[in-house]
Amino acid sequence: NADTPGYKARDVDFQAMMQKAQESMSGFGMSQTHESHMDTSPMGADSELLYRVPHQPSVDGNTVDAQQEQTRFMRNALDYQASFQFLDGKISGIKKALSGQ
């Protein structure tokens with residue numbers, strides 16, 4: 001996509017999409033009963049597209065920034081790896097407790 005002229009990079013608000021899916025499954029969505037209450041409606045993932053604003057626009061109108069993509073990928077990979085290391089420590093602790101060590 002970085003080489004496609006006119007391609008617009010998009011983001012997905014995962015939290016809003018997850019909230020929308022959970023509300024549609026449970027059937028117990030929150031509703032605003034007074035105008036001074038907080039708005040509890042999920043941010044419309046279908047009605048609102050999230051496009052990235054490029055730091056350095058390209059000549060062909062493409063908004064994909066390879067450095068931003070690599071940074072986001074690495075941050076995601078590090079979070080993923082840290083989560084599994086944490087879970088591995090917890091599971092090995094449980095195994096040791098069960099075996100009596």
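A short reminder: the numbers here are calculations on the coordinates, not readings from a lab. Computed from a predicted model, the values in this text were never measured in an experiment. For neighbour counting, all protein chains shown are included, and Cβ atoms are generated from backbone atoms with ideal geometry for every residue, glycine included.
Things to note:
- Each of the peptides 58-66, 90-98 was scored by the mean count of other Cβ atoms within 10 Å over its residues; in descending order, highest first, they stand as 58-66, 90-98.
- Note, ³J(HN,Hα) from phi for region 87-97, Karplus 6.51, -1.76, 1.60, rounded to Hz, x at Gly and Pro: 5, 4, x, 5, 5, 5, x, 5, 4, 5, 5
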